[in-house]
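The values are calculated or read from the model by the stated rules, or taken from the named source; none is laboratory data. None of the values given here were measured: they were computed from a predicted structure. Methodologically, a virtual Cβ is constructed for each residue, glycine included, from the backbone with ideal geometry; neighbour enumeration extends over all protein chains shown. Ligands, DNA and RNA are excluded from the accessible area calculation, which covers all protein heavy atoms including side chains. Shrake-Rupley method; radii C 1.70, N 1.55, O 1.52, S 1.80 Å.
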Amino acid sequence: MWRTTEDITNAWDTGQTNGYPMGIQNIINVTVPLAGYARPGAFNDPDMMEVGRGGMTDTEMRSHFAMWAVLAAPLIAGNDVRSMSSATQSILTNRNLIAINQDSLGLQATQVSFDGTRRVLAKTLANGDVAVALFNQGSATTTISTTAAAVGKTGTSFTLLDAWTNATSTTGGAISASVPAHGTVVYRVSGGGTTTPPPATTGALVGAASGRCLDVPQSNTANGTQPVIWDCNGGANQRWEHQRRHPAGPRQVSGRPAERHPGRKGADLGLQRRRQPALEPERRRHDPGPAVRPLPRRQRRGHRQRHHRHPLDLHRRGEPAVDHPVAAFPARPAAAGPIRRRVDVR
């Protein structure tokens with residue numbers, strides 16, 4: 001477990017990107033793109049909770065708890081539990097959200113969509129259900145919508161359990177709610193099958209090694225502006241439109257190919273120049289290039305006579321070298337004399 005940001009404070013938005021003190025919304029902006037790091041035994045820690053400590057409305061504190069729950073964060077109460085209000089107690093003891101947080105699959109919710117105000121997150125659960133958070137970061141009530149297919153469900157009939165009210169409803173695929181300013185609605189979606197959610201078409205590009213986002217400085221729109229790697233903050237200048245030409249093909253980001261290096265952990269953003277062809281993933285994995293560098297011509301001549309000094313260079317042209325241990329070529333005793341070859345003439 002590791003901290004993802006500077007220290008938290010009991011405020012909704014302090015205007016910080018990743019500096020002290022961090023508000024709830026600021027921490028969410030940084031932690032959401034780090035979902036790929038979370039799994040059983042390894043969790044993102046956005047700091048303790050500020051529920052019940054003042055500085056926020058009840059709606060904001062409910063969002064605070066709900067988002068920590070779907071982000072698979074440790075739920076550490078930071079308030080005085082001896083004197084908490086009934087509203088604070090109802091938030092901290094919400095069984096539906098605690099169950100989502102403590103799910104044995106141990107995954108952090110991934111972002112399905114985000115337009116700068118309306119954010120949709122989906123967390124796959126061990127029994128095949130999916131927890132969906134509809135989070136309104138704006139200052140006015142708005143409707144937030146997504147679909148069962150977008151969050152990784154297959155089928156035609158689903159049940160939605162509202163984590164706050166315990167109310168249930170059915171849907172053929174649409175998932176939607178009217179969400180107050182700074183509020184969060186969480187549904188537990190059951191029924192049908194479960195699959196990997198399709199990749200989002202917009203969102204941040206996060207470096208797997210650095211944990212930072214591709215950023216356009218000062219939101220500059222002039223041609224030739226060079227993007228930089230910067231702390232993730234959820235800003236519009238860190239959101240990119242991207243798509244794949246085909247399921248196994250390279251990712252296109254605003255017209256420029258960018259490889260994510262499938263199957264390799266720890267690979268960072270592999271941005272390529274506009275006219276540079278992208279290698280297909282299968283070729284990259286199975287044809288990484290020549291395994292053996294050919295010996296220079298002057299070294300190839302007479303290499304059989306020098307094999308006792310260069311045991312690793314002994315191989316036929318066109319065949320890969322084999323890293324034989326030196327012990328496979330024992331040194332000839334000095335007193336043995338020259339090697340003689342017997343030739344039978346008949």
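Go through (1) part of a strand (DSSP E or B); (2) under 24 Å from the mean Cα position of the chain (by Cα) one by one and return the number of the condition L161 breaks.
Of the numbered conditions (1) part of a strand (DSSP E or B); (2) under 24 Å from the mean Cα position of the chain (by Cα), the odd one out for L161 is (2).
Just one of A133, A148 is in contact with a Ser or Thr (Cβ under 8 Å, 6 or more places away or on another chain) and over 21 Å from Y37 (Cα atoms); which is it?
The match here is A148.
Residues of region 84-111 being among the β-branched types (V, I, T), in contact (Cβ under 8 Å) with a residue 60 or more places away in the chain and open to solvent by 30 Å² or more (accessible area, probe 1.4 Å), which ones?
T110
I need the full set of residues from region 139-156 which are surrounded by fewer than 18 Cβ atoms within 10 Å (Cβ to Cβ), in contact with a strand residue (DSSP E or B) (Cβ under 8 Å, 6 or more places away or on another chain) and not in a strand (DSSP E or B), in order please.
Across region 139-156, the qualifying residues are T141, G155.
Sort out which residues of region 26-44 are open to solvent by 10 Å² or more (accessible area, probe 1.4 Å), more than 19 Å from N136 (Cα to Cα) and touching a helix residue (DSSP H, G or I) at 6+ places or on another chain (Cβ under 9 Å), and write them in order of number.
Passing the criteria: only F43.
What are the pairs with Cβ atoms under 7 angstrom where one residue, in region 161-184, is free of Cβ contacts under 8 Å to residues at least 12 places away in the same chain and the other, located anywhere, is not aliphatic (A, V, I, L, M)? Sequence gap at least six, or different chains.
Filtered contacts from region 161-184: T168/T159.
Would you confirm whether any residue within region 51-73 is outside any helix (DSSP H, G or I), touching a His at 6+ places or on another chain (Cβ under 9 Å) and not hydrophobic (A, V, I, L, M, F, W, C)?
Yes, some residue in region 51-73 is outside any helix (DSSP H, G or I), touching a His at 6+ places or on another chain (Cβ under 9 Å) and not hydrophobic (A, V, I, L, M, F, W, C).
So, in region 207-226, of the ones that are modelled with pLDDT of 80 or more and open to solvent by less than 40 Å² (accessible area, probe 1.4 Å), which residue ends up nearest to the chain's Cα centre (by Cα)?
C213
Could you check region 53-67 and list, in sequence order, the residues that are at pLDDT 95 or above and either out of contact with any Gly (no Cβ under 9 Å at 6 or more places or on another chain) or open to solvent by less than 60 Å² (accessible area, probe 1.4 Å) (or both)?
Correct list: M56, T57, D58, T59, E60, M61, S63, H64, F65, A66, M67.
Scan region 113-133 and tell me whether some residue there is closer than 23 Å to T9 by Cα and either free of Cβ contacts under 8 Å to residues at least 40 places away in the same chain or part of a loop (DSSP other than H, G, I, E, B) (or both).
yes
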